[in-house]
Each structure stands twice: as C-alpha cells, then as structure tokens.
There are 2 protein chains.
Amino acid sequence: MRTFADISVSLDGYVAGPAPSLEEPLGRGGEQLHEWVVRLAAWRRTHGLDGGEDGPESRWVEEIVERTGAYVMGRRMFSGGEGPWDGDPNATGWWGDEPPFRAPVFVVTHQPRPPLELTGTTFVFVTDGVASAVAQARDAAGDRDVQVSGGAEVIRQALEHGLLDELQVHTAPVVLGAGTSLLAGIAPAAFQIVETIPTPQATHVRYRITQTHS
Amino acid sequence: MRTFADISVSLDGYVAGPAPSLEEPLGRGGEQLHEWVVRLAAWRRTHGLDGGEDGPESRWVEEIVERTGAYVMGRRMFSGGEGPWDGDPNATGWWGDEPPFRAPVFVVTHQPRPPLELTGTTFVFVTDGVASAVAQARDAAGDRDVQVSGGAEVIRQALEHGLLDELQVHTAPVVLGAGTSLLAGIAPAAFQIVETIPTPQATHVRYRITQTHS
C-alpha cells in the first residue's frame, strides 16, 4: 500500500488562483488547471456523465481511481468554508448527493462533526491532524492506496511529516500569477521521476519521494 | 525565426537556489538543476569533453544548439557579478577561453563595455535593455533562432515585453525550497504545450507563448 498525493498545478506552481470563493472555488483562473481532466471519459464516468475522450490519459485517470481505497482532503477542498459547520453553506460538500469518490474520505478540520454518509461515499471528519487522517485512511483502504487530494496545505503537511510515498503532479500550461502555492516553504528534497505522461493538455509526472522529513 | 527561452527549473519553480556566490553560482542545491544535461553527449561535446549518454534527449539538446544563432543572457548569468566591470573578478565569464556558445552572445547589463571576443564566441554588452538585446540578437542570428538563456529576470522581462515565441522548461525532480523564481510576478497567461520529452532525469516541455503582454 502506498500513500500518494495527486494534484493539478499551474506552470507557476499554484493549485488555485487568487480570491477563491463559493462561486469560484479554485480562485481566479483556477478552473483552467482542471481542463485536462474534465474532458476525459474516465472523469466523466465517475461524475455520472457519458462521453469524453478515451486513450492512455483517460486510462491513467481510471487507474488512479481504481488504486485509491481512501482519500484525505482539507476542509476547504471539501466545502470551501472555515469555522463552525453551522455557518457553512456548503456543509455537505461540492459534489451533491452522489460524490464521485465511492470510498471513505477523511476530511481534516478543526471542527468536530459526526461522519456524513452520502450515496457511495462516507466523509469522516478528523480533528487531530493530517497524520491521523492518513493513518485512518490507511486502515480504511485495505489493500488499496491512500490518495491525499489537497489542498496544498494538507499535501505540504503530509510531505513534511514524511507520510507520502509518491507525488503526482499534473501541470497545466497556464500561468496564474498568484494564488495558493503547492510547494512554497517546503524543505529541500530530491525526488525520483517514476512515470511521465505527456499530453498536449497537461504534463503528468509521478514522483517517488526519496527523502522525507519526519 | 523564433525567439525562445530555455532554462532548467526545480519542481518548486526556482532557477537557482538561495545564496548564489562565485563558488556556488547556482546557489545552494542549484547544481542539481543541471544534472540532467551535464551527463549528455551533446552537452559534453559543446564543452570539449568526450563520452556521455546519447539518445533522444541528447539529440534534442543538439538541436537546441543547432537552431540557436544568437544568445541573450543577463549580467549575472555571464559573470555572477554586478556593478562596474573593474571590480568583477569574473569579467570574462564562466567559460574560459573557448566558451561553448560559438555564436554571438548579447549580455544585458547596466555597465557599458566594448565587445569581448573569445575563441568562437563574441560577447556584446547591451546597456539599453532586454528588448534591445533581443533585437540585436535577431539581427545577428540570420536564419537561425534566438535563445534567451537566463537568468530568470531576463526571461521574465522578455515574456512581459512579448518578445518570446517559446519557453522551454527543463524541470528537475528537486525541491530547492528557496532561491530565484522563474515565474514569480508574471502576469496570468495561457501557453500551448507543443513538445514534451519525458526522461527519468528531468521533464522537458516546450511551450508556445500564445498570449503576450507588450
């Protein structure tokens, strides 16, 4: 079993543009980071949609979904909100009644809350940090892998605590100019490139984390 | 004829690590950014060395050299120094008597100076800015292309003035944590991926600049 982070970034290293909001959760220009994936058959299938492009890139996305037995994400990635759940207009998440995960999702938050069961996906709220969320996800994933899906803060903490075996980065050919940086402030490290999938829409690289800071 | 920038960056977007010095011109950890190229036969040949790895990556480097009819670079890339040339211990550049360029090199600097002719390469010092250096390089390049080689500041200015047709980025699987950022402060833009060469040592992507700011 491996624990991997998987995230789309801009050429200048941002996972979201400036001024994220409920209307524009990925900030100004941030939607462009995911243009590569939303056109793929694999992504569309998991989101209940027909059609889309098939091919190696789509199969690769499918493999990522198949290898994932549990997810870890931050509160903002889940709902865009902060503070008590009472005041969060998006407290059941971005994905409606049938989220695309179909595996347990561990949400790192300071605000305690009982698990939220939606069709096919249960969200578990973890208040004692990223390491605890990853440990719980590992227990839940069985033989499959744990995906740390973001945001940047959660991935950075997972890196810093030495919890990641792999980092998968999808780089879109876009400069956002400002926003939320994926790697700003990370300690120096050397990774290994284990797989690269070049496409005209994005460059997908899987890095093995060879040097961790725990 | 095209004008392209060509530069190696870390996964966190730095072209050099922190604290560059004469002893460590690429800053702390910065040498790692060029490990992919110094092992290649094409690079070794241009630097008067035998051996090295052949293959598509080396041929690609050879093509970059062949297509380049003139270079543009910043003062720091040339010598690492600043201020009057009198006080610059590296005033003839990093490359000894026979630099690897074998084409005119236009050095952007505030300090006027007559051209420096070394074996095979003439360095011309340009005091009226990056746009002027690129214009002079275009005149000198004939049918071939102009390569803007760095540093980050010169490439950023070339981008901002709409002088670049292409940006070639070699991303090494290394996190430097701090240093000189390639793209920090650049205005938002969308590029097009025109070519990707994936290798275990670095990911080479050629972007077409589809949106310029002049």
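The values are calculated or read from the model by the stated rules, or taken from the named source; none is laboratory data. All of these numbers come straight from a predicted model, not from anything done at the bench. Cβ placement follows ideal geometry from the backbone for every residue including glycine, while neighbour counts extend to all protein chains displayed. Accessible surface is based on the protein model in full, side chains and every heavy atom, while ligands, DNA and RNA are left aside. Shrake-Rupley method; radii C 1.70, N 1.55, O 1.52, S 1.80 Å.
Would you mind listing the distances between the A:Gly48 label point and the same position in each other copy? Use 7 Å along Cα-to-C-beta, nm, one decimal, shortest first.
For A:Gly48, the inter-copy label distances come out at 7.0 nm.
Tell me the net charge near B:Thr109. Cut-off is 14 Å between Cβ atoms, B:Thr109 excluded, with +1 for each Lys or Arg and -1 for each Asp or Glu.
-2
What's the local net charge at A:Leu40, with K and R +1, D and E -1, over the other residues with C-beta under 13 Å away?
-3
Stokes-Einstein D for region A:1-85 at 4 °C, 1.567 mPa s, Kirkwood Rh over Cα pairs, in µm²/s?
So the translational diffusion coefficient is about 89 µm²/s.
Quick check: pseudo-label points 7 Å beyond the Cα along Cα→Cβ at B:Ala91 and B:Thr119, how many nm apart are they?
2.3 nm
Where the label is 7 Å out from Cα toward Cβ, how close does B:Thr92 come to the same position in every other copy, in nm, shortest first?
Distances to the matching label points in the other copies: 7.6 nm.
How big, in percent, is the set of alpha carbon pairs in region B:147-210 lying more than 19 Å apart?
36 percent
If each of A:Val65 and B:Val38 carries a label point 7 Å out from its Cα toward its Cβ, how far apart are those two points in nm?
Going from the A:Val65 label point to the B:Val38 one covers 4.5 nm.
Taking the Cβ of B:Gly29 as the center, what net charge do the other residues with Cβ under 12 Å away carry, scoring Lys and Arg +1 and Asp and Glu -1?
Charge balance near B:Gly29 sits at -3.
Which value, in debye to the nearest 20, describes the size of the charge dipole of region A:80-129 about its Cα centre when Lys and Arg Cβ atoms bear +1, Asp and Glu Cβ atoms bear -1, and nothing else is charged?
Using only the charged Cβ atoms, the result is roughly 140 debye.
Mind checking the dipole of the protein assembly as shown: about its Cα centre, +1 per Lys or Arg Cβ, -1 per Asp or Glu Cβ, Debye to the nearest 20?
Approximately 80 debye in magnitude.
With a ≥ b ≥ c the root eigenvalues of the C-alpha gyration tensor of region A:65-174, is it rounded (a/c under 1.5), prolate (a/b larger than b/c) or oblate?
rounded
For the B and A pair, go ahead and give the buried accessible area with a 1.4 Å probe, both sides summed, in Å² to 100.
2100 Å²
One decimal, nm, shortest first: give the distances between the label point of B:Ala19 and those of the same position in the other copies, each label point 7 Å from Cα along Cα→Cβ.
Here B:Ala19 shows inter-copy label distances of 4.0 nm.
Considering only A:Gly150, A:Gly30, A:Gly120, give the residue with the highest GNM mean-square fluctuation for chain A, with springs between Cα atoms whenever their separation is below 10 Å.
A:Gly120
Compute the Cα gyration tensor for region B:9-55, then decide on rounded, prolate or oblate, letting a ≥ b ≥ c be the square roots of its eigenvalues: rounded whenever a/c is under 1.5, prolate when a/b is larger than b/c in the other cases, and oblate in all that remain.
Since a/c reaches 1.5 but b/c is at least a/b, the shape of region B:9-55 is classed as oblate.
Rg (Å, one decimal) plus Dmax (Å, integer) for the alpha carbons of the protein assembly as shown?
Considering the protein assembly as shown through its Cα atoms, Rg and Dmax are 23.6, 74 Å.
Give the relative contact order (percent, whole number) for chain B; include only Cα pairs under 8 Å separated by 6+ residues.
29 percent
With each label point set 7 Å from Cα along the Cα-Cβ vector, what nm distance links A:Glu98 and B:Arg2?
Each label point is offset 7 Å from its Cα along the Cβ direction, giving 4.6 nm.
Using DSSP to define loop residues, name the GluC sites (Glu not before Pro) in region A:39-104 whose beta-carbon has at most 15 other beta-carbon atoms within 10 Å.
A:Glu82
For region B:137-214, what does the relative contact order come out to in percent, with C-alpha contacts under 8 Å and a separation of six or more?
RCO, region B:137-214: 35 percent.
Could you give the distance between the Cα centres of region A:50-117 and region A:142-186, to the whole Å?
Measuring centre to centre over Cα atoms gives 15 Å.
What's the average, rounded to a whole number, of partner chain beta-carbon atoms within 10 Å of each residue's beta-carbon in A:173-181?
5
Have a look at B:Gly29, B:Gly69, B:Val15 and report the one farthest towards the positive end of the charge dipole of region B:10-122, computed about the Cα centre with Cβ charges (Lys/Arg +1, Asp/Glu -1).
Looking along the dipole axis, the top candidate is B:Gly69.
Enter the accessible area per residue of chain A (Å², integer; probe 1.4 Å; all protein chains in place).
The answer is 43 Å² per residue.
In chain A, how does Rg compare with the Kirkwood Rh, expressed as the Rg/Rh ratio over alpha carbon atoms?
0.93
Antiparallel as a % of all DSSP beta bridges within the protein assembly as shown, to the nearest 5?
Once the DSSP bridges in the protein assembly as shown are tallied, antiparallel ones form about 45 percent.
Assign unit charges at the C-beta atoms only (+1 for Lys and Arg, -1 for Asp and Glu), then state the dipole size of chain A relative to its Cα centre in Debye, rounded to the nearest 20.
Dipole of chain A, to the nearest 20 debye: 340 debye.
May I ask for the Kirkwood hydrodynamic radius of region A:68-108, worked out over all distinct Cα pairs and given in angstroms to one decimal?
In region A:68-108 this quantity evaluates to 10.8 Å.
Quick one: with all protein chains in place, what share of the accessible area of region A:37-97 is carbon or sulfur, to the nearest percent (1.4 Å probe)?
Carbon-and-sulfur percentage of accessible area, whole number: 51.
Using only atoms on other chains, find how many Cβ atoms lie within 10 Å of each Cβ of peptide A:8-15 and report the average.
For this peptide, the per-residue mean of nearby foreign Cβ atoms is 5.
Say a site is exposed when it is one of the chymotrypsin sites (Phe, Trp or Tyr not before Pro), sits in a DSSP loop, and has at most 15 other Cβ atoms within 10 Å; what is then the longest site-free stretch of chain A?
A:96-214
Considering only B:Gln157, B:Gln32, B:Gln192, give the residue with the highest GNM mean-square fluctuation for chain B, with springs between Cα atoms whenever their separation is below 10 Å.
Result: B:Gln192 has the largest fluctuation of those listed.
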